[in-house]
Amino acid sequence: MRLEDGRDAARAAGPSVSIPNPNYLQADLIWRQLSAAGVKEVVISPGSRSTPLARTAFLNRELSCHVITDERSAGFFALGLCKGSHAPVALVCTSGTAAAHYYPAVIEAAQSGYPLVVLSADRPQAARNTGAPQTIDQVALFGRYARMAIDLPGPRATADSMREMLYWVRHALDAMLSSPAGPVQINVPMDEPLAPQKLEQELCERLFAELHNVFTPIDSVQETSHTQDFQLCEGIEAALCGLIVCGPDAARNEAERESILTLARSSGFPILADVCSGLRFSGEPNLPMYDLFLRHESLFMLAPDFVLEFGGSPTSKVLTQYLNKHRATTIRIQRDTLPRDPDHRATHTMIADVPKYIGGIAKSVVAARDSLLLDPFWKASGALRAACSHVLFSSESELAYVKEIVELLPDHSNLVLASSMPVRYADMMALPIGKRIDVYAQRSTNGIDGVLSHAAGIAIATQKQTVLICGDLAFLHDLHGLRLVRDTENLTVFILNNNGGGIFHYLPVAEHRESFEELHGTPHSLDVAKFCAAAGLTCVSVAAPAQVQMAMRETSHRVFEVITQRDANRAAHEQVVAELLKALA
């Protein structure tokens, strides 16, 4: 078990064999069924009512436990663990409003298709609606965002009641891992004794011996729909101006990434890959800087006639405008049924095991020519890449710092991007440079919640060097996550501090100065370094893009602050964009 102060807690020599009362019998059986479903990581926010669940997890050698007192931070840390490990993760909390603080992370997991299981301890059913302390209506607390919510009966020391309990737990775990995967809630009411006091111990241990081998392995279930194979091959081969668009989360693993690349190469279609797609750091025909070259009128008017889309809605507004203008025949291919087509471009949506399905298509396609978009897009991308080497990036431009950080990332590392401007800067400028970089962001809801905790979970799960780029407001939204940053040695944080909401300076509301600063600029004038110091971290200032290299080499400090001015940053940003676009004149 990893504690918040970075220490490893003492562990028992083996799984619990003492089952003192029905609460502990039920809890032990629950954990063994969760283990059979692939749960290996447990995030615990301590409390009294959850004691049986927490203690049995702690005493189970099959589980790795992390103790995080703040439930909102714990929720995003668990989501990061889930993304980094490609496995379901469990959350445990006490009764009352504790589970409500998981809500933002549960929503993000639901809309992105990641499996979390929330074990919410609860007061016994008799205490509900009585005004009992620390008691709320926890049943189905997460509404439609949970794939399933079950409310277990109070534990009774009988074989039938425990079998029925396991039946419903398995039912919830099936829902968690079915397509689309997502979060589930298992509400666990318990009465006293919550401590391991002996009550029916002999009977509980006999029941445990009877039931401890009845656990059912549960694997993910993939929905498939392969009805358009022939038509898809025919459409690809007939296309003159074919295009592949990879939005966020298009490829979660190497098999998905390679299958899309193979299809692009066999079809002759260029790839426009979002920085969070899983393909931005791949080779050709992946063409970066499309957010810039599609601003050139002659390139914007080159219409695709057949588009293959993967992943979510693109980060780039320019790319979305381009696709919406031309409305080509569009085939969406995705791993699950989650809605990912807000502009209703898709002519058909295919639900498939992406590597298997695309691998078969790639082998079948016989393309007589490259897409007519490939050459002009390739030349434009190359011209912009060359221009980057001689255009002056001002130290007032946050874009310049993000560009330097991305270029200096070590091979086989993680880049975590907060929403608002950091992900947009990286999407505009990140170039494939012969390194394997895995990029993570929360693009399903585009929120700025829990960014420090989310990044810490990813860093711990992957055991790779991890760099987080976030804004000052995102940083302030997750101050409890600083404790996790402190204890995660392979995590480095860059904070772009413009004293407020920098993204709003790029929106039309910025012209309405009479209310803009109070409602959207929202200056906080808080000292970031003092918050870091309170958590035992030294925050080092980075005053120029050229200093990023030295910061990336630091081993004694892992939090860096870039201070900019919002108006000056926007002006410098627009100047850089204008200078780069001259390369396309």
Taking H placed 1.01 Å from N in the peptide plane, check which residues at least 5 places from Thr349 or on another chain put their amide H under 5 Å from its amide H.
-> Arg332
Cβ-based charge dipole, the stretch 376-436, positive-most Cα from Gly382, Ser395, Val416 = Gly382
Within-11-Å neighbourhood charge of Pro20 [Cβ basis; K, R +1; D, E -1] = -2
Taking K and R as +1 and D and E as -1, what net charge do the other residues with C-beta under 13 Å from the C-beta of Leu473 add up to?
-> -2
If the cut-off is a Cα-Cα distance under 19 Å, which lysines reach Lys325, setting aside same-chain residues fewer than 8 apart in sequence?
-> Lys317
Thr538: net charge of surrounding residues, Cβ under 14 Å, Lys/Arg +1, Asp/Glu -1, itself excluded?
-> 0
Nearest-ten-degree value, helix 22-36 long axis tilted from longest Cα axis of the chain | 30 degrees
Only Lys, Arg (+1) and Asp, Glu (-1) charged, at Cβ; the stretch 150-273 dipole about Cα centre in debye = 200 debye
Per its Cα gyration tensor (rounded if a/c is under 1.5, else prolate when a/b beats b/c, else oblate), the stretch 290-442 is best filed as prolate
What order, most packed first, do the peptides 573-580, 340-347, 32-39 have when packing is the mean number of other Cβ atoms within 10 Å of each residue?
-> 32-39, 573-580, 340-347
Once the Cα atoms of helix 103-112 and of the chain are each reduced to a long axis, what angle between those two axes, in degrees from 0 to 90 to the nearest 10, is obtained?
-> 60 degrees
Stretch Arg163-Ala543 to full length: gain in nm at 0.36 nm per residue minus the Cα-Cα span?
-> 130.6 nm
Over the chain, the sum of -39500 (n - 2.57) across DSSP H runs of at least four, divided by residue number and rounded to 500 deg cm²/dmol, gives at 222 nm -11000 deg cm²/dmol
Which label belongs to the value computed from this structure, given these candidates for Kirkwood radius over Cα pairs in Å: (1) 31.8; (2) 27.8; (3) 25.5?
-> (3)
If you put +1 on each Lys and Arg Cβ and -1 on each Asp and Glu Cβ, how big is the dipole of the stretch 115-175 around its Cα centre, in Debye rounded to 20?
-> 60 debye
How many Å² of accessible area per residue for the chain, probe 1.4 Å?
-> 39 Å²
Treat every Asp and Glu Cβ in the chain as -1 and every Lys and Arg Cβ as +1, leave all other atoms uncharged, and give the resulting dipole magnitude about the Cα centre to the nearest 20 debye.
-> 500 debye
Out of Thr488, Leu263, Gln138 - ranked by how far each Cα lies towards the positive end of the dipole of the chain, with unit charges on the beta-carbon of charged residues - the top one is Leu263
Shape call for the stretch 8-158 from the C-alpha gyration tensor, a ≥ b ≥ c root eigenvalues: rounded (a/c under 1.5), prolate (a/b greater than b/c) or oblate?
-> oblate
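The values are calculated or read from the model by the stated rules, or taken from the named source; none is laboratory data. Predicted model only: the values in this text are computed from it and were never measured. Every residue, glycine among them, receives a Cβ derived from its backbone with ideal geometry; neighbour counts consider all protein chains shown. To get the accessible areas, we keep the full protein, side chains included, count just its heavy atoms, and leave off ligands, DNA and RNA. Shrake-Rupley method; radii C 1.70, N 1.55, O 1.52, S 1.80 Å.
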